[in-house]
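J.: Quick one: structure below, then a few questions.
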Amino acid sequence: MDAKRWQRLSPLLDVLLELDPQPRRQQLAILRADDPVLADELEELLALEEGSGDFMAEPLLERPAPGHQQHGTLVGPYRLESVLGEGGMGMVWLATRADGLYQRRVALKLLRPGLADPNLRLRFTREREILARLEHPNIARLLDAGIGAEGQPYLALEYVEGVPVTDYCQSRNLGIDERLRLFRQVCDAVSHAHANLIVHRDLKPSNILVTPTGDVRLLDFGIAKLLDDPEPAPLHPRTEVRAFTLHYAAPEQVRGEPVSTRTDVYSLGVVLYELLTGSKPYRLRRQTDAEWEEAILAVEPLKLSAAVLRNNDGSRNQHPNARRDARRLSGDIDTIVLKALAKAPDQRYPSVEALWLDLQRHQQGRPIHARPQSLGYQLRKYVLRHRWSLAFGSLAALVLIAALGASLWQSRQAVREAARAQAMQDFVIGLFDNAGAAQRGDTFDARELLAAGERRGERELARQPLAHAELLGVIARLRIGLGDYPQALALLQRQKSLLDTLDDAPTALQLEAATLHGRTLRLLGQSQECLRVLAPMEARITRLQLQLPQQAADFLSQDGRCRRASGDRQSARQFYERSLTIRRQLKDQAGVAENMMDQASLDGDLGGAEAAIRGFGDALAYLQEHAGPRHPLAIDAERSLAGLYRNRGDTDTAMAAYRRALELAEEIHGPQHPTTLGIHRQIAAIHVDLGQFAEAKSRFSELHRLTVQTLGANHREAASSWNSLGIIAWEQGDLATAVSHTARAVQIWRGPDSSQQLPGGLFNYGMVLHSAGQDDEAMAALQEARRLRAGLFGASHPLVGDTDRLIGEVLTAQGNPEIAAEYFDRAVRLTQVGYGAEHPRTLFARLSMARHQGRQGHTQDALRELDALARHPGGGSEAPKLRWSARAYAAEIRCRGDQRERARQDLDALYRELQTARPDGGVLNREVQAIRADCP
C-alpha cells in the first residue's frame, strides 16, 4: 500500500475503530455507496484487528536486564543517576562525568538498548550533527558524543533545570507582556537554528524549558532537519514512524510534504496560542488522531480573544481577568497568531524574525505587517501610541504646530550643520596653509601636523563644541593609523567629555565615537574597559541599525572583538553574525571580509585549525576579489594564516605568509607601527623555532625596546616580548634569565585584559622552571595553565592535552611515574582527537609517552614507537626536532640494555648532525649531550 493511499485510509480507520459494531456497519455502508473498493480495504483492516486480539500484548522492547542502564551504570565516561525522560527513540538520563577529567552534570541521551530500527539510529546520528552546529544561549548545548562500551551511542547535552514554558507561566500567573518576553527568547533560539539551516520540526512546550532565573532553553533536535544537506532516506521506509507531536504539527507535516522554516513558524504559532490562552487552537469533541489531523488540515482555529473567554469544555471562563485579556488579545495579536497558523505555508510569516517583529510592533503601538496598511489603521495606531499627548489639543492644531516646529527645528539644524561644515572646512584649509611649520626637509612630520591641529582646534572651535568633538575624532582616527594608540585614546576621552555636555549631538557621531573609542581600548589591550565604554550604545543598537546600518555594523564588529578578547566567544560570534548580515545587505565588501576573518579567528581559538585556515583563506580571496590585493585587512589575514601554519610546524609556509604581511604593513603603516613591529616579532619567533637563536635575540632586543616605547611597559605585546626573550635565554642555557623573563611576562598577563595569553605564558614558565630543576614551582604553574585552558576551551581541548604532556614530564622528575603515565595517556588522546594524528603536538605527546614506557621497562614497545617517530617524514621546524628527539630517546633505552655500542654510535652521529644543523646550540643539543654522557 502506498503512502497516499494510507493517508486516505488512516483517519477513516481511526474513526471506525472507535465505533460500536452497529454504528460501524452503518458507516461502512455509507462509505461503500461512495467508494466500494475503499470500503473493502477498510473491512480487511478491521478484520485483522478483530483477529489479532493479542497484538502488542507484549512490549516490542523488553525492559533492560537488571544492572543494565540502571542507577550507577557507566556509559562512556558518564555515570547514570536518574531517568529524566523516556520516548520511543530512547531514554534521557541525568548523569555525571565519572572519569575525573572534570565535574559536570549532563543530560545523557541514549538509544534504547537492543533497538534494531536503523532509521532511529540514523536519526540519532543526525541529531548529533545538528546540535554540533548550534551555539546559542537559549539552546541546550551538545557537550560530548560517543559510543559506550556495549556499542550504545550517546549524546551528552547541557542539563537544564527547568519546567515547560506553559507550566512556568501558569504557576507564576504571568501577564501577557511577560509571556511575550519568554516567547522572544524562544524565537531567538529558533531563529539561530534557522540561520544555521536547521528546522526543528517538533516545537512544543515540553521541549521549551524555563530555568528558575527566567531563561529559556530549547531542547530535543531529535527530528530536526538540515536544509543544506538532504536528509538520508530511511533504510526501511515502510516502517518509518511519524516522529513529530501531532498537536503542534503543521499541515504539511501531517500530509507528509517537505518542510521548511515556515513549518516551525506554524508550531511556534501553536505554542504562542497555548501560552496566551491556556488551550490549543482547535476545540474537538473527540481527542483522536484522526480528528486532530482533520482539524489541522481543514478547520480554522478559534481567535485567541474568543478562546480566552471559554474553558476547554465550552463553559464560560469566570476568571476575573478573562475579559481584560480578551480585549488585549483582540485585533493585532489575533491577526498575528492566525497568520502564523495559516494552512498554506506561503500565507504564514516568511521567518521567525518576521513573526517576532510583528509582535514587537504591536507592543510598541505600531502598525503590524500582517494587516492591510490602510490610512485609518495607521492613524488609529498613531493615536493610540500618542494618546496622552493628543488628549491636550485637537488633532488639526497639533499637526500644524508639529509641522511648524519640525520646520523650525530642521532650519536650525541646517544652519548649525552648515556652520559646523564651514568651520571644519576653514580649519582644514588653515591647517595646511600653515603646514610649513611641520616640514622636515622635503617631507612633512605627520605627528607634528596633527599636534598643531589639536592646538588650533582648541583655540578656534572653543565655541563650537560639536565641531570640536568631530575634529577630535578625525585626529584620533589618524593617530590610530600612525600607531599612536595612547595619544588617540586621550583625544577620544576628550571627545566623549564634549559629547556628554551636548543634548542634541547627532546619533551617528555618538555611535562612531563609541566604536572608535572601543577600538582604541582594544588595541591597547583594555578589553574590559572597551566593553564598559560600548555598553550604553549596545542597548540602543537594535533600533539604530535600521537608521544607521553602516555605523551599526562597525559597532557590532568592534563589540564582538572586545568580547572575544575578554573570552566571551559565544557572544562575539553572535555580534559578528549580526554585523555580517548588515554588511552583506549594504554590499560593504571589505566589511564582509573583515567579519569572515573574525569568525575564522573564533574557529582558531576553539582548536579548529583547519576550519580557521579555510576561513582566513576564503576571507583573503574575497578581499582580493572585491577590494584589491593591497587592502590593510590583508595584513591581518596573512598574519593570522602564518600563525596557524607555524602552529602545525609548516615553517616555510608560515614564513612566506609573514613576509607578505610585513611587506604590506611597511608599505601601508610604516616600519615603526605596532602592527609592523608585531610581524617582526613573529618572524623572529620562527628563527627561534629553527634554532637560530643569535639572530632571534638580536632582532628581539630592538623590537622589545620599540614595543615598550610604543605601547607601554605593561601592554600584553610587551609581555609577548619578555616571553620570547625568556625562551631564547632558555634555549641558550641561561636558565636564571629565562625564569626571570617568563615570570615578567606572566606578571603582565595576569592583568584583567590578557586572559587569552596567560595560560600559554604559564605553560612556558612551567617549562623553563622544569629545566631549571624547580619542579614544585613548575607543577604549580602548569596546573594553573591547565585549569585556565580547560575553563576557556573545555576540558577535552587539545591544548589541555599538550599541558598534560609537560605535567607528565614534571611528575616523572618528581618520582611519580604511575601518575605521570595517566597524564601522558590523556595527552595522546586529547591531542589526537583535537588536532589529528599528524599534528606536531600529537606526535610529541606520543614521543613523551614512548620515552616514559622505556623508563618503566617496556623496552620493545617503546623502541618500536621511537624508531617509527625517528622515520617520520616532513620538514619545517618541528618534524626534524621530532626525529632527532626520537633517535636520542631510542639510544637512551638501548644504552641501558645490551646495545650500548650501537647507542653510543647513534648518539655521536646525532650530536655531529645537530652541530651542523643547529650551530647555535639549544635545549635539544644539550639534552643529547646529557644522554651521551650517561652512556659511557
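The values are calculated or read from the model by the stated rules, or taken from the named source; none is laboratory data. Given the structure is predicted, the values throughout are model-derived calculations rather than measurements. Using ideal geometry, Cβ is built from the backbone for each residue, glycine included, and neighbour counts are taken over all protein chains shown.
J.: Could you list all residues from the stretch 240-295 that are outside any loop (DSSP other than H, G, I, E, B) and either aromatic (Phe, Trp, Tyr) or touching a strand residue (DSSP E or B) at 6+ places or on another chain (Cβ under 8 Å) (or both)?
T.: If the condition is that a residue be outside any loop (DSSP other than H, G, I, E, B) and either aromatic (Phe, Trp, Tyr) or touching a strand residue (DSSP E or B) at 6+ places or on another chain (Cβ under 8 Å) (or both), then Tyr248, Thr261, Thr263, Asp264, Tyr266, Val271, Tyr273, Trp292 are the ones that fit.
J.: Identify all residues within the stretch 525-543 that are in contact (Cβ under 8 Å) with a residue 60 or more places away in the chain and among the small types (Gly, Ala, Ser); write none if there are none.
T.: Gly525, Ser527
J.: Checking Gln373 against (1) under 29 Å from Arg578 (Cβ atoms); (2) modelled with pLDDT of 90 or more, only one condition comes out false. Which one?
T.: (2)
J.: Could you identify the single residue in Arg479, Arg455, Arg459, Arg447 that is touching a residue at least 12 places away in the same chain (Cβ under 8 Å) and exposed (fewer than 15 other Cβ atoms within 10 Å of the Cβ)?
T.: Just one listed residue meets the conditions, Arg447.
J.: Here are some conditions: (1) under 22 Å from Glu927 (Cβ atoms); (2) crowded, with 20+ Cβ neighbours inside 10 Å; (3) in contact (Cβ under 8 Å) with a residue 24 or more places away in the chain. Leu664 meets all but one. Which one does it not meet?
T.: The one condition Leu664 does not meet is (1).
J.: Kindly provide the set of residues from the stretch 27-48 that are part of a helix (DSSP H, G or I) and either in contact (Cβ under 8 Å) with a residue 24 or more places away in the chain or surrounded by 11 or more Cβ atoms within 10 Å (Cβ to Cβ) (or both), ordered by number.
T.: Gln27, Leu28, Leu31, Arg32, Leu38, Ala39, Asp40, Glu41, Leu42, Glu43, Leu45, Leu46
J.: On to the next question. Where in the stretch 506-625 are there helices (runs of 4 or more DSSP H), lying fully within it, with 2 or more residues that are out of contact with any Pro (no Cβ under 9 Å at 6 or more places or on another chain) and modelled with pLDDT of 90 or more?
T.: 507-523, 527-538, 549-565, 569-586, 589-605
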